[in-house]
Amino acid sequence: MPDTMSTRPVPRPNQRPSELRSATPHRPNVLSLLVRGAQGRHWTFAVGVVLLALVLLVLVLTPWISPHDPATQDLGNRLAGPSADHWFGTDHLGRDVLSRLMWGGRFSVTIAAITLVICAVTGSIIGALAARRGGWLDELVMRSVDVLICFPDVVIALFLIALFGTGYGTLIAALTITGWTPFARLMRGLALEINSKDYVEAAEILGSPKSYIVFRHVIPNASRPVVAMGFLRFGHKLITVGALSYLGLGVQPPDSDWGAMLLDAQPYMERAPSLGVLPGAAIFVTALSVTMIGQGLDIKKRRKRAKEPTAIPVPPPSTALVEGEAL
Amino acid sequence: MTTSVPLDHPTVTEAAQPLLSLQDLVKHYPAGKGKKVHSVDGVSLSVRQGEVLGLVGESGCGKSTLARTILRAVDATSGHIVFDGEDITSAKGKRLKELRRSMQFVFQDPYGAFDPKMSLGTSLEAPLRHHGMKDRAQRQQRMLEMLDRVGIEEAILERRPAECSGGQLQRMVIARALLLEPKFLICDEPTSALDASIRAQILNLLVELKDQLDLTLVLISHDLRVVRYLCDRVAVMYLGKIVEVAPRDELFTNPRHPYTRVLLAASLAEQAGAEANAMVSRLRGEPPSPIDVPSGCRFHPRCPIAQDICSTVVPEISRPGQDHTVTCHFWDQVPHPSALLATSTRNPDE
C-alpha cells in the first residue's frame, strides 16, 4: 500500500503552505496584443492586419485627406489621366477618382461591416440556442438554414429591393437574411461540442439558467472560430455589396461606392481602363486583407519540430468553414 | 491482509434513515437501429443519512451515468429517485433548482470542470447569484469562507483554470459544489486525474468536510484502496446493475459475489506486486457491451464459477448477512479472493 494511503494526515487543510504562486496581473495595450496575437499564427495574419490597417486608416482619415470633393464635376476635364492635381485621373464627369475611391470605400466597408456584425451575432445566438434546446427548434433552424443557403444572397436582395425599394436598410436586411446561416451552422456545431463539456454540465447541476449557459459558457468558448469565420466572410460581404451597387441596387447617387464606380466605369473600359481597375483593386485588396486575417486566425501555425528540417506544410482551411459557404 | 488503515470515522448504524433511495432506476441511451445502451439497468440502492457509500466497478459499467441520473443531469428512463422523502425523478423548474442546492457533484477531471475562459472567481460566484444571493459582499464572503475550508488562498479567484494545478482545481471543484450548502455530494473518481501525492490530501479534505458540514457522500471509484479507506458501505456495480452491497469491513473480509472477489483479488495482486495479469487470467475477456447484455446473470460469460443456470436465469437478491445483499446463484460457494490469487506468494502486509 503506497504511503499516500497508509498515513492519515492530521493537519487541517487551511494550515498547509499555500499552493499558490504569486499572481501577476497585467493589462497589455492594443499593439502588444496584436504582436502577441501574430506570434504563433500563420504569416497571413500579420500581412492581413497590416493591409487592413492601411485601408482603414485611409478611410477613417478621408474627410481630412481627400484631395477633392468626390461629387464636384469638371466636364472640361473628363477621363483625364493621372496628374499632380488628380493622382488617379478623373472619371466620365470629371470627378477626382482618388477622392471617389476614398469616399466610396467608406460606404462599402461600413455596410459590409454592419451586415457582418448583425449576421455573426444573430447567427451565433440562433445556432447556440438550437444546439442547447435541440428537438423541434434545432430541426426548424437547421432546415431554414438549408433552405436559405439554396438562394444566392443577390437574388434575395433583388427580391427585397423590388418590394421595399433601394436604401441602406433594405440592403443590410437583404444581406442579413442569408448572411446569418453560416454562422448559425458553425455555432451549432461548436455548441454541440461545448455542451458535452464538464463545465457546462457543472453549470447545469449548479442550477445556472439556460441563458447563462448559452451566453457565458457556450458563446465565449466558441468565439475564436466564429471570429475567424467573420473575417473570412467579410470579403464575401464586401463583394456582394459591390455587386449590388454594380447592379444599381446598392448605394445610390450622389453617394457612391466601389461597386457603383465599377458600374460607372463600364462604358469607358477602352478609353480609361483605370476607372474600372482601381475600384476593383480596392475591393480586392480590402477583401483579401480581411480574408487573410481570417485565414491566419483559423490556421494555427504548425510548430517547427525540433529534428525535422522539412518545409512546414500549409494546412488547408478547416472544412467546417468551407462547408458554410453559400456560394 | 489486516487493517493497515486507521478507521476513525464511525460506521453508520442500521437505524439511520435513507437520504436517497433508488427504486429500479433505469437509464438507457439509444444506440441506433432500435438498440439501446443499458447504462443503468434496474438499480435499487439506498444511501443513508451521513454515510459514505462507495460505488465501485470497471470503467463503462455505468457508475458515472448512475451519478448523473441521480443528480438529474440526465433524465431517467424509468424507475424512481427518492431524495429526502420526495420523489424527484421528474422534478422540474423551480423544484429542480431547489434540488440543485441540496445535491452536488465533484467531477473526475478538475481541468475540465471550469470554463477555461472564465476566472475561477466568476465561476464560483455564478451559482450563488443564480440561487438568489443578491448582495455582492455576501457572495464574496461566502466564497472566501469556502476557500478557507478547502485550503486555498483568495488570489486564485483572479486566475483562469489553465493557470492552476490539478490539486488546486479539484479543491476548487469541491469548494464550488459546497458553496450551495448541499447535504448530499457525489464524487466521481475525485482523485483519478490527480498526481498520487495529491490524492490523499483531496480524500482527507473530503472526509474532513463531510464531518464538518454533515454531508452524505457517494464516492465513485475503481480504486478499492480508496473505497476501503473512506467508505462506510460499498456497492459493487457490474454492467448497469448493482451486484453486491455490504458494509465496508464485511465486503472486504467476506465478499460474496464472484465479481467482487475477482476485483479484490486483482487489488491484492496489485498490492502484492504480482503481475497484473493475475486478474486478467481470472476475469476472462473484456466486459461485454452494454448494448447486447448477456442473458441470465450478466457476469456469467466471465465468471470463474459460472454454471448452466447462470446463463438463463437472472439471480435473485440474496442476503448472506445483515445489511449485506448479493445477486448471485452461488454466493455461498465462491472461493475467497486470496485463493483466487494463485500467482501471488507474498503476503501483502508483511
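The values are calculated or read from the model by the stated rules, or taken from the named source; none is laboratory data. A quick note: this is a predicted structure, and the numbers were derived from the prediction, not measured. Backbone-built Cβ (ideal geometry, glycine too); neighbour counts: all protein chains shown.
Those residues that are aromatic (Phe, Trp, Tyr) and out of contact with any His (no Cβ under 8 Å at 6 or more places or on another chain), I need them from the stretch A:159-202; list them, please.
Passing the criteria: A:159, A:164, A:168, A:180, A:183.
Go through the stretch B:109-133 and report how many residues are of a type outside the set (Asp, Glu) and not in a helix (DSSP H, G or I). Lay out the reasoning, then the answer.
Our first condition is that a residue be of a type outside the set (Asp, Glu); within the stretch B:109-133, this holds for B:110-114, B:116-124, B:126-133.
Narrowing further to those that are not in a helix (DSSP H, G or I): B:110-114, B:116-119, B:131-133.
Here the count works out to 12.
Could you please find all residues in the stretch B:82-108 being assigned to a strand (DSSP E or B) and either in contact with a helix residue (DSSP H, G or I) (Cβ under 6 Å, 6 or more places away or on another chain) or small (Gly, Ala, Ser) (or both)?
Going residue by residue through the stretch B:82-108, those that are assigned to a strand (DSSP E or B) are B:82-83, B:86-87, B:103-106.
Of everything in the stretch B:82-108, those that are assigned to a strand (DSSP E or B) and either in contact with a helix residue (DSSP H, G or I) (Cβ under 6 Å, 6 or more places away or on another chain) or small (Gly, Ala, Ser) (or both) turn out to be B:104, B:105, B:106.
Kindly indicate whether any position in the stretch A:93-105 is within 27 Å of the chain's Cα centre (by Cα), closer than 30 Å to residue A:184 by Cβ and either part of a helix (DSSP H, G or I) or of a type outside the set (Val, Ile, Thr) (or both).
Yes, the conditions are met somewhere in the stretch A:93-105.
Being more than 9 Å from chain A (Cβ to nearest Cβ), in contact (Cβ under 8 Å) with a residue 40 or more places away in the chain, at negative phi and touching a Ser or Thr at 6+ places or on another chain (Cβ under 6 Å): is that true of residue B:67 here?
Answer is no for this residue.
Which one is farthest from the other protein chains (Cβ to nearest Cβ) among residues in the stretch B:152-179 that are outside any helix (DSSP H, G or I) and surrounded by fewer than 22 Cβ atoms within 10 Å (Cβ to Cβ)?
Among residues in the stretch B:152-179 that are outside any helix (DSSP H, G or I) and surrounded by fewer than 22 Cβ atoms within 10 Å (Cβ to Cβ), the one farthest from the other protein chains (Cβ to nearest Cβ) is B:160.
Please determine, by comparing only the residues of the stretch B:161-196 that are among the basic types (Lys, Arg) and more than 17 Å from the chain's Cα centre (by Cα), which one is nearest to residue B:142 (Cα to Cα). Break it down into steps so the answer makes sense when it comes.
To start, the set of residues in the stretch B:161-196 that are among the basic types (Lys, Arg) comprises B:171, B:176, B:183.
If we keep only those that are more than 17 Å from the chain's Cα centre (by Cα) too, we end up with B:171, B:176.
On the way: B:171: 16, B:176: 11 Å.
Here the answer is B:176.
State whether one or more residues within the stretch B:255-271 are assigned by TED's automatic domain parsing to the domain that holds residue B:43, out of contact with any strand residue (DSSP E or B) (no Cβ under 8 Å at 6 or more places or on another chain), farther than 22 Å from residue B:332 by Cβ and surrounded by 21 or more Cβ atoms within 10 Å (Cβ to Cβ).
no
Could you identify the single residue in A:82, A:28 that is loosely packed, with under 11 Cβ neighbours inside 10 Å, away from chain B (no Cβ under 14 Å) and either at pLDDT 70 or above or assigned to a loop (DSSP other than H, G, I, E, B) (or both)? Show your work before the answer.
On the way: A:82 fails: loosely packed, with under 11 Cβ neighbours inside 10 Å.
That would be A:28, the only listed residue that is loosely packed, with under 11 Cβ neighbours inside 10 Å, away from chain B (no Cβ under 14 Å) and either at pLDDT 70 or above or assigned to a loop (DSSP other than H, G, I, E, B) (or both).
Okay, residues lined up against (1) within 14 Å of chain A (Cβ to nearest Cβ); (2) farther than 19 Å from residue B:21 by Cβ:
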{"site": "B:75", "(1), (2)": "yes, no"}
{"site": "B:81", "(1), (2)": "no, no"}
{"site": "B:97", "(1), (2)": "yes, yes"}
{"site": "B:112", "(1), (2)": "yes, yes"}
{"site": "B:115", "(1), (2)": "yes, yes"}
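Has the stretch B:24-34 got at least one residue that is loosely packed, with under 15 Cβ neighbours inside 10 Å, out of contact with any helix residue (DSSP H, G or I) (no Cβ under 7 Å at 6 or more places or on another chain) and at pLDDT 85 or above?
Yes - at least one qualifying residue is present in the stretch B:24-34.
Can you tell me which residue in the stretch B:240-254 is modelled with the lowest pLDDT, limited to those that are surrounded by fewer than 23 Cβ atoms within 10 Å (Cβ to Cβ) and either among the aromatic types (Phe, Trp, Tyr) or in a loop (DSSP other than H, G, I, E, B) (or both)?
That would be B:254.
Looking at the structure I just gave you, is residue A:129 more than 14 Å from every other protein chain (Cβ to nearest Cβ), aliphatic (A, V, I, L, M), closer than 19 Å to residue A:245 by Cβ and more than 17 Å from the chain's Cα centre (by Cα)?
no
If you take the residues in the stretch B:134-144 that are without any contact (Cβ under 8 Å) to a residue 12 or more places away in the chain and either outside any helix (DSSP H, G or I) or under 27 Å from the mean Cα position of the chain (by Cα) (or both), which one is nearest to the other protein chains (Cβ to nearest Cβ)?
Filtering the stretch B:134-144 for residues that are without any contact (Cβ under 8 Å) to a residue 12 or more places away in the chain and either outside any helix (DSSP H, G or I) or under 27 Å from the mean Cα position of the chain (by Cα) (or both), the one nearest to the other protein chains (Cβ to nearest Cβ) comes out as B:134.
Which members of the stretch A:157-169 meet the condition of being closer than 16 Å to residue A:112 by Cα and either acidic (Asp, Glu) or touching a helix residue (DSSP H, G or I) at 6+ places or on another chain (Cβ under 8 Å) (or both)?
Those that are closer than 16 Å to residue A:112 by Cα and either acidic (Asp, Glu) or touching a helix residue (DSSP H, G or I) at 6+ places or on another chain (Cβ under 8 Å) (or both): A:157, A:168.
Among A:211, A:144, which is the only one that is within 28 Å of residue B:64 (Cα to Cα) and either outside any helix (DSSP H, G or I) or polar (S, T, N, Q) (or both)?
Of A:211, A:144, the one residue that is within 28 Å of residue B:64 (Cα to Cα) and either outside any helix (DSSP H, G or I) or polar (S, T, N, Q) (or both) is A:211.
When only residues in the stretch B:189-225 that are closer than 16 Å to residue B:59 by Cα and within 10 Å of chain A (Cβ to nearest Cβ) count, which is surrounded by the most Cβ atoms within 10 Å (Cβ to Cβ)? Show your work before the answer.
At the first step, the residues of the stretch B:189-225 found to be closer than 16 Å to residue B:59 by Cα are B:189-193, B:219-224.
From the residues that got through so far, the ones that are within 10 Å of chain A (Cβ to nearest Cβ) too are B:191, B:223.
Working: B:191: 26, B:223: 18.
Residue satisfying both the conditions and the ranking: B:191.
Can you go through B:14, B:58 and tell me which one is assigned to a loop (DSSP other than H, G, I, E, B) and at pLDDT below 80?
Selected residue: B:14, the only one of B:14, B:58 that is assigned to a loop (DSSP other than H, G, I, E, B) and at pLDDT below 80.
Looking at this structure, is residue B:41 acidic (Asp, Glu), modelled with pLDDT under 90 and outside any strand (DSSP E or B)?
no
Within the stretch A:203-226, is even one residue within 24 Å of residue A:117 (Cβ to Cβ), among the hydroxyl-bearing types (Ser, Thr, Tyr) and more than 11 Å from chain B (Cβ to nearest Cβ)?
Initially, the stretch A:203-226 is screened for residues within 24 Å of residue A:117 (Cβ to Cβ), giving A:211-226.
Add one more test, that the residue is among the hydroxyl-bearing types (Ser, Thr, Tyr), and what stays is A:211-212, A:223.
Subsequent filtering for residues that are more than 11 Å from chain B (Cβ to nearest Cβ) retains none.
Looking for residues that are within 24 Å of residue A:117 (Cβ to Cβ), among the hydroxyl-bearing types (Ser, Thr, Tyr) and more than 11 Å from chain B (Cβ to nearest Cβ), one finds none in the stretch A:203-226, hence no.
Any idea which of A:191, A:162, A:203 is part of a helix (DSSP H, G or I) and farther than 30 Å from residue B:94 by Cβ?
Values: A:191 fails: farther than 30 Å from residue B:94 by Cβ; A:203 fails: farther than 30 Å from residue B:94 by Cβ.
A:162 is the lone residue from the list that is part of a helix (DSSP H, G or I) and farther than 30 Å from residue B:94 by Cβ.
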